[in-house]
Amino acid sequence: MNTLGKLTFKYRKPILMIWSLLFVLSGIFALKLPSVLSGSGFEYEGSYKEVEKVMDEDFNIPASSLILLFEKSDEAAEEDFKSYIENTMTRITKVKNVEIQQSSPQIKDNKAFAVLSFNNKDQMPKSIESVRDKLEDEDSFSVGLTGRAVIEEDMNQAAQEDLVRAELIGIPIALIVLLLAFRGVIAALIPLITGFVSVVVAMGMLYFTGQKLDLSIFVLNTAPMIGLALGIDFALLFVNRFREELNIKATDEAIVKTVATSGRAILFSGFCVLLGLIGMLFIQVGVFQSVALGGIAVVFTSVLAANTFLPAFLSIMGPHINKWMILKETKGKESSWHSFARFVMKRTVVMTLAATLLLIIGMIPVGGMKLAIPESDALPTSYESRTAFEKYKETFGDIDQTIAYIVASSNVNMVDSLQKLENVINDIQSDPLVSEVDSIFSATNMSANKLIAAKEIPELKSQLAPAFERLTNKNEAILQVKLNAKNSSNKAKKWVREWEKKELDLALKIGGESKFHQEIFDEIMDKVVYSLAFILLSTYIVLFFAFRSVLIPLKAILMNVISLGCTFGIIVWLFQEGHLGFHASDIALMIPVFAFSIVFGLSMDYEVFLISRIYEIYLETGNNDKATLEGLTSTSKIITSAAAIMIVITGAFGFTGIIPVQQMGVTVALAIFIDATIVRMVLVPSLMKLLGDVNWWSPFHKQRRVRQYG
């Protein structure tokens, strides 16, 4: 790190030129990033996707469709309503790439619907826009466009609007925090510049990643959220240490010392965040892969910018960083931190018990957490696609039933397997959860034996041909099974899981919404153990090498787990139970995994910041109590400022419209608040004092002490 500091000072101008060029080029592609993002990211390579493909390619049942929901006022005549529907559908027939799959003039509760499909999925956004252009409301009639494809397009639009809204809220407040921390305009602006540069470069990289891989629209919110908060935090730590060193050293020496100390802490801190994000890659669901890749990109650029761009920039600024001071430096602020540190360390047992009790109380609601996959209700109510979909489900859907699509296949022609197919259907119909099975037999009202016999009679064969073409294909048959359970219920998920594993006369592949929910939930529950094990073990190893201590990494991990448990409990209380103005809703399925993977690394920032300074002083003095007191005193202000910035940047997303993004922003902000106050400012120093020199025990520690003190 000393060598890196010397090189960045020596080649400061070329380094800044490279970063400037990189920033401009990345900015061009960063603006195009939304165009390569699509979908919620809840995709999994399993039976659900296979069945969708078979239905689309072999049975001409489109996986993606649009729903037109027509409404009329109570006073309007039904005949006029039918004419309005007919005129609307006539206009839509002129739209390229769109076909009318199903039109229902049947009016129920003043509503009717039509189903449209795409001929070319690649042209889907343009087709949606073209359909919308053809829709016209009248005095007594209206029409709304919805469906999965429309909801995903609207989600993309909402994500872009949310990003702008969050930045407009978060960045100005972050600047105020930086002004209070540094008391000067120039020093306050540098972390913002560094964070902005690292995010823009990362988003430019993600544009090219999106050309090769499917990235979820949630990347547009999570990547800037993580990158901006992390970039500013890293720069805050670095600039603060540089200004301290500049008081007693020349610019070149101050840069080298800052890179060797704060730069090293940033490196280890960034590595901890990186490990948390890598842990998400174990879960083979698109949204986790996307957020992990987006996070890895911004962490990489944030660490790189903090150790190259920032020292090069500060090398040119030198003492000018202290110009434009707007607040006078006072000793009172520093002495108050010293008083607080002394207060905590004099009451270590009481403070430890009090902090632990608070965290345990916060954890109580976590046992009632209900997880759900975000659907249309993730959108704000201002979006037509959400309100139209909810009205459609309420009017024409049966929320207490779900449909499972089954593709039954054999090694021979399906006609030759009709008897086996009938046996399978009889088994399925005997299941108490099944209310109805639609198949070739129900469509023709014939048994297997009669169908086989009818196929030998030319006249009957021609009459049966449409049903066979619609419901069978070579060695496959499609079944539609109605289950007396909600699509996301445990009953429905258990049914599709068990029936696909059963050994029957024909091989079954199951699709439908219940299968979608089952595969996503199972993949997360099966892989999250490996993800958490990787994060915990790798973080321990990194912190062990950072501090050469057996106990400190273990203590840091345990406190992180406890503080996250407290955070999840409060999130359940806020969102699921609907307190403090939040609309009551289930917790988005990915939030606990996201929060653990992201926050576990982010909160380690403060652990590394604090313990690095304590460790540095301990190596100089050999006195654990003195090192803890001075380390806490010197870092309290910077940790509080860094936490405040991260809370502001991530918490600003709590004011956005997309519910999962809102939950994510509040979760991260709350976790950082708990971690930076109760944990880092109270629990850590209390336990450091209680454990004394045991904190620093390791097989290598004695040798390091000998080398340090001669």
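Descriptive notes on the structure:
- Entry for semi-axes √(5λ) of the Cα gyration tensor in Å (calculated from the structure that is shown) out of [x] 36, 32, 30; [y] 58, 28, 23; [z] 51, 40, 24: [y]
- Selection among Ser514, Met559, Val694 by position relative to the dipole of the chain gives Val694 as farthest towards the positive end (Cβ unit charges, Cα centre).
- Across Lys32/Lys509; Lys94/Lys474; Lys134/Lys391; Lys494/Lys555; Lys111/Lys370, pairs whose alpha-carbon gap is larger than 31 Å: Lys32/Lys509; Lys94/Lys474; Lys494/Lys555; Lys111/Lys370
- Cross-link partners of Lys257 among aspartates and glutamates (Cα-Cα below 18 Å; sequence separation of 8 or more within a chain): Glu244, Glu245, Glu616, Glu620
- Pairwise centroid distance, computed over Cα atoms, of segment 143-162 with segment 460-507, Å: 31 Å
- Taken along the Cα-to-beta-carbon direction at a fixed 7 Å, the label points for Leu554 and Lys502 span 5.1 nm.
- Using the rule -39500 (n - 2.57) for each DSSP H run of four or more residues, divided by the residues of the chain, the 222 nm mean residue ellipticity is -21000 deg cm²/dmol.
- The phi torsions of segment 238-250, fed into the Karplus equation with coefficients 6.51, -1.76 and 1.60 and a -60° offset, translate into couplings of 5, 5, 4, 5, 4, 5, 5, 5, 5, 5, 10, 9, 6 Hz, rounded to whole numbers, with Gly and Pro shown as x.
- Distance between segment 215-232 and segment 242-271 - C-alpha centres, whole angstrom: 27 Å
- Remark: spin-label model distance Met1-Ser339 equals 3.3 nm, labels positioned 7 Å along the Cα→Cβ axis.
- Cα-centre dipole for the chain with unit charges at Cβ (Lys and Arg positive, Asp and Glu negative), debye to 20: 4500 debye
- The phi-based Karplus calculation (6.51 cos²θ - 1.76 cosθ + 1.60; θ = phi - 60°) puts the 3J(HN,Hα) values of segment 283-298 at 8, 7, 10, x, 5, 6, 4, 5, 5, 4, 5, x, x, 4, 4, 6 Hz, whole numbers, x for Gly and Pro.
- Segment 199-296: C-alpha gyration tensor shape, a/c 1.5 cut-off, then a/b vs b/c: prolate
- Aspartates and glutamates whose Cα lies under 14 Å from that of Lys527, excluding same-chain neighbours fewer than 8 positions away: Glu519
- Top positive-direction residue, dipole computed over the chain with Cβ charges, set Ile128, Leu228, Thr677: Thr677
- With both labels modelled 7 Å from their Cα along Cα-to-Cβ, the Gln157 to Leu433 distance reads 3.8 nm.
- In terms of its alpha-carbon gyration tensor, segment 215-367 comes out oblate; a/c meets the 1.5 threshold, while b/c is at least as large as a/b.
- Gain in span if fully extended, Asp133 to Lys494, counting 0.36 nm per residue against the direct Cα distance: 125.7 nm
- Under 18 Å from a label point set 7 Å out along the Cα-to-Cβ vector of Leu180, the amide N atoms of segment 630-673 belong to 635-652, 669-670, 672-673.
- Note on segment 13-103: dipole from Cβ charges, positive end direction compared against Ile100, Phe29, Leu66; the farthest Cα belongs to Phe29.
- Taking the Cα centre of segment 208-263 as reference, the dipole from Cβ charges on Lys and Arg (+1) and Asp and Glu (-1) amounts to some 20 debye.
Taken together, the values in this text are just the output of simple stated rules run on the coordinates, not laboratory data. If you're wondering where the values come from, they're calculated on a predicted model, not measured in any experiment. Positions of Cβ are generated from backbone atoms using ideal geometry, with glycine treated the same way; all protein chains shown enter the neighbour counts.
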